[in-house]
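**Student:** This is the structure I have questions about; it appears just below.
The values are calculated or read from the model by the stated rules, or taken from the named source; none is laboratory data. Treat the numbers as computed from the prediction; the structure is a model and nothing was measured. FYI the Cβ positions are ideal-geometry reconstructions off the backbone, even for glycines, and counts take in every protein chain you see. Surface accessibility is based on the protein's heavy atoms, side chains included, excluding ligands, DNA and RNA. Shrake-Rupley method; radii C 1.70, N 1.55, O 1.52, S 1.80 Å.
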Amino acid sequence: MSSAVENAATEDPATESPAADTPVAAQNLGPGATAADARAVAEAARETSWDRPSFAKGLYLGSFDLSLIHPWPQAPADDVERGEEFMERLTAYCRTMSGRTIERDARIPDAYLSGLAALGVFGMKIPREYGGLGLSLVYYGRALALLGSVHPSLGALLSAHQSIGVPEPVKVFGTPEQKREYLPRCASGAVTAFLLTEPDVGSDPARMGSTAVPSEDGESYLLNGVKLWTTNGVIAELVVVMALVPAHTDPDGTAHKGGISAFVVEMDSPGITVENRNAFMGLRGIENGVTRFHQVRVPAANRLGREGQGLKIALTTLNTGRLSIPALCVASGRWSLKIAREWSNARTQWGRPVGQHEAVGKKIAFIAASAFALDAVFELSAELADAGQKDVRIEAALAKLWSTEISCRIADELVQIRGGRGFETADSLEARGERAVPAEQQLRDLRINRIFEGSSEIMRLLIAREAVDAHLAAAGALASEEASLSEKAKAAVGASGFYARWLPKLVAGTGMDPRSYSDFGRLARHLRFVERASRRLARQTFYGMGRWQAKLEHKQAFLGRIVDIGAELFAIAACCSRAEMLLRTSPERGASAYELADAYCEQARVRVEEYFDQLWRNTDDGDRALARKVLAGDFAWLEAGVLDQSEGTGPWIADASPRASVRENLHRKYR
């Protein structure tokens, strides 16, 4: 956590947000916000300072500094002791819960939630001084993985509560009074949620329709709006709500700019209605809904941070909060490996276990290597975050993006290995006398991970923005479509100085010396590859900047490949560092860890070379032109011959106009 973030919790929350935090006037936000407005709001929400080193950022700039992640970070002995003791108690309780009960009833039993609360699970990340367990991110993630192996809805509930719900933003940005009031409640079992998304607002919050209008006396706000996909919202006691505060003037004449702001709201407040409990293809136990706010009075003391600081609070919370999803992906990798191994030994075809046939064996090898890599990426990212000496915002984002993509591939390969049984439900398998393996459920449950807390497409753009930050800073007006020719010419002079110093560093490096990283034995060659590939990646990014300049932001496919290369390089480095650590600390696992790391690195290097090739050999231009014609209806004739039975069932996007609810309130409490 940067010093700027630490200070955020101690500043006077009534202080007006700096102009840089509110670059767009409040009256220009909402459904009519322009693309320029949206870009300005997103830029203002970014944490722009880099006070601590970042390994992943260096990868994109051609600087492979292995010392930032190796030797493997070591947790304090007290953290380990408390974490292991908690995991032992949690494991015992998890054995009493049934994931199939959750799946069949599409609900986590209240008794399970009460039992978890008694264990302190709802306060895993909350400091002990506020009644929480104060666990490290490593053990928090391990607990989520264990709970997710019972049913992913458990992991989703606890992740939404602690990673992005009330506890984290209050811990970081709350006043001392807010911490004393809310954190003990959250730790004791009060379920919380984070409400940002609206029916027509997702990754573009500048269009936000929910409003919080201050009262004349300044003591409260009136909250109106509709929030969609409110994970935990159906059973939450407390929620963090993002809403637009309009520009306003105090009775004494003091003017306030307003802006998107964050509020802690009690869910039993008059005017709140949970209008629907949403159902999905997976995560069937999730308590996700649609929540309408109509003239809900929220005390001004419940505002988190300053007016206009809401999105910065949200993004800062997510910097490490995103690590919860990679932790859940670790669980899927381990379970998939276990099922693939056992099934592929049990099933015989053409005189041999199916796992001994190359077509299946390659899938098993992919699952095994990727499961090790999932573990390495999460554990390294969490250890770095716990140590607090490195900036891990890119590492956390890469871990979320890469883990969700690779785990979905694992789940799909497991279904293929299982064949028809992979497509069959666990209940059906058991009913006809076979082991109830929910492979198809895992595939359904994992799919959402590539969408929520930032879709893969949005994550690539977010990471790309951070990866090219140094280029944008150096390029100045060259990277602006609005800049004049004279401004661009002036900027070119300034940029030349940066690139004159930076480009020569990309010519040669330690990756060209066959003796480099010799301490890693057979894995040394992979680290040399990462060093060379890092410099190559930086050069390719520079070529893209030079070719497209201000238009680079529209080359999303190119930027996506740049990000994916960096993600694989990060995973390779994490695998090598973890394998070397295991060789030192757990010699009995060392040889097999090296073998798994070596296998993953070999597989990843093939993918990296393919991404590099696709940077300049692709169909991007043709695809863009074709997509525009599709949207224009040029090929509508191809859609003939089918029936679309969704027609007439409702609009594409539901009406979210402010009004009193006419529906039954589905909100409920478990305690």
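**Student:** State to the nearest 20 debye the size of the charge dipole of the chain about its Cα centre, where the only charges are +1 on K and R beta carbons and -1 on D and E beta carbons. Before the final figure, lay out the partial values.
**Tutor:** Working: 78 positive and 84 negative charges, 361 e Å.
In total the dipole reaches around 1740 debye.
**Student:** Oh, and also: Top to bottom by accessible area (1.4 Å), largest first, where do Ser159, Ser661 land?
**Tutor:** Working: Ser159 5, Ser661 35 Å².
Final ranking, largest accessible area leading: Ser661, Ser159.
**Student:** Tell me which lysines have Cα within less than 29 Å of Lys505's Cα, excluding those fewer than 8 residues away on the same chain?
**Tutor:** Cα-Cα hits under 29 Å: Lys57, Lys390, Lys488, Lys490, Lys551, Lys555.
**Student:** Heavy atoms only, 1.4 Å probe, whole protein assembly: order Arg525, Arg617, Arg671, Arg306 by accessible area, highest first. Don't skip to the end; give the middle numbers.
**Tutor:** Numbers: Arg525 90, Arg617 160, Arg671 125, Arg306 25 Å².
So the residues, ranked largest to smallest area, are Arg617, Arg671, Arg525, Arg306.
**Student:** How large is the accessible surface of Arg421 in square angstrom, using a 1.4 angstrom probe and rounding to the nearest 10?
**Tutor:** Per-residue accessible area (Arg421): approximately 60 Å².
**Student:** Now for a different question. Give the span of region 349-508's Cα atoms along each principal axis, as three whole-Å numbers ordered largest to smallest.
**Tutor:** Taking max minus min along each principal axis of the Cα atoms, region 349-508 gives 76, 35, 35 Å.
**Student:** On to the next question. At a threshold of 8 angstrom on Cα-Cα distance, excluding pairs fewer than six apart, so keeping six or more, what relative contact order does region 86-165 reach in percent? Present the calculation step by step, with values, prior to reporting the outcome.
**Tutor:** On the way: 68 pairs, mean separation 23.7, N = 80.
Value for region 86-165: 30 percent.
**Student:** Next up: When the Karplus curve 6.51 cos²θ - 1.76 cosθ + 1.60 is applied with θ = phi - 60°, which whole-Hz ³J(HN,Hα) does each residue of region 410-423 get, with x for Gly and Pro?
**Tutor:** Whole-Hz 3J(HN,Hα) from phi for region 410-423: 4, 4, 5, 5, 5, 4, 5, 4, 6, x, x, 5, x, 8.
**Student:** Further question: Tell me the accessible surface of Met87 in square angstrom (1.4 angstrom probe, heavy atoms of protein chains only), to the nearest ten.
**Tutor:** For Met87, the solvent-accessible surface is approximately 30 Å².
**Student:** Tally up the carbon and sulfur contribution to the accessible surface of the chain as a whole percent, 1.4 Å probe, everything protein left in place. Show your work: numbers first, answer last.
**Tutor:** On the way: 16070 of 29330 Å².
Its accessible area is 55 percent carbon and sulfur atoms.
**Student:** Relative contact order of region 231-273: what whole-number percent is it, with Cα pairs under 8 angstrom and at least 6 residues apart? Provide the component values of the computation, followed by the final result.
**Tutor:** Working: 52 pairs, mean separation 18.0, N = 43.
After rounding, I find 42 percent.
**Student:** Also, quick follow-up: If you count only protein heavy atoms with a 1.4 Å probe, what accessible area per residue comes out for the chain, rounded to a whole Å²?
**Tutor:** Details: 29330 Å² over 671 residues.
That works out to 44 Å² per residue.
**Student:** Quote the FRET efficiency, to the nearest 0.05, computed for Arg525 versus Arg409 with a Förster distance R0 of 30 Å and r equal to the Cβ-Cβ distance.
**Tutor:** On the way: r = 25 Å, r/R0 = 0.84.
Computed FRET efficiency for Arg525 and Arg409 comes out at 0.75.
**Student:** Follow-up. Report Lys312's accessible area, 1.4 Å probe, all protein chains in place, as a number in Å² to the nearest 10.
**Tutor:** Solvent-accessible area, nearest 10 Å²: 50 Å².
**Student:** Let me ask something else. Any chance you could run the full-extension gain for Ala591 through Arg536? It's 0.36 nm times the residue separation minus the Cα-Cα distance, nm to one decimal. Don't skip to the end; give the middle numbers.
**Tutor:** Values: separation 55, 0.36 × 55 = 19.80 nm, distance 3.12 nm.
Gain in length upon complete extension: 16.7 nm.
**Student:** Which whole number of Å³ per residue matches the convex hull of the alpha-carbon atoms in the chain?
**Tutor:** Hull volume normalised by residue count: 187 Å³.
**Student:** Oh, and also: At a Förster distance of 22 Å, what's the computed FRET efficiency of Tyr543 paired with Asp621, Cβ-Cβ distance as r, to 0.05? List each step's numbers first, then the result.
**Tutor:** Values: r = 17 Å, r/R0 = 0.75.
E between Tyr543 and Asp621, to the nearest 0.05, is 0.85.
**Student:** For an R0 of 30 angstrom, estimate the FRET efficiency from the Cβ-Cβ distance between Arg432 and Asn278 and round to the nearest 0.05.
**Tutor:** Details: r = 32 Å, r/R0 = 1.07.
Computed FRET efficiency for Arg432 and Asn278 comes out at 0.40.
**Student:** Could you put Leu380, Leu582 in order of accessible surface area, largest first, with the 1.4 Å probe and the full protein assembly present? Provide the component values of the computation, followed by the final result.
**Tutor:** Working: Leu380 0, Leu582 25 Å².
Ranked list, largest accessible area first: Leu582, Leu380.
**Student:** Give me the percent relative contact order of the chain, please, defined on Cα pairs under 8 angstrom at least 6 residues apart.
**Tutor:** Relative contact order of the chain: 17 percent.
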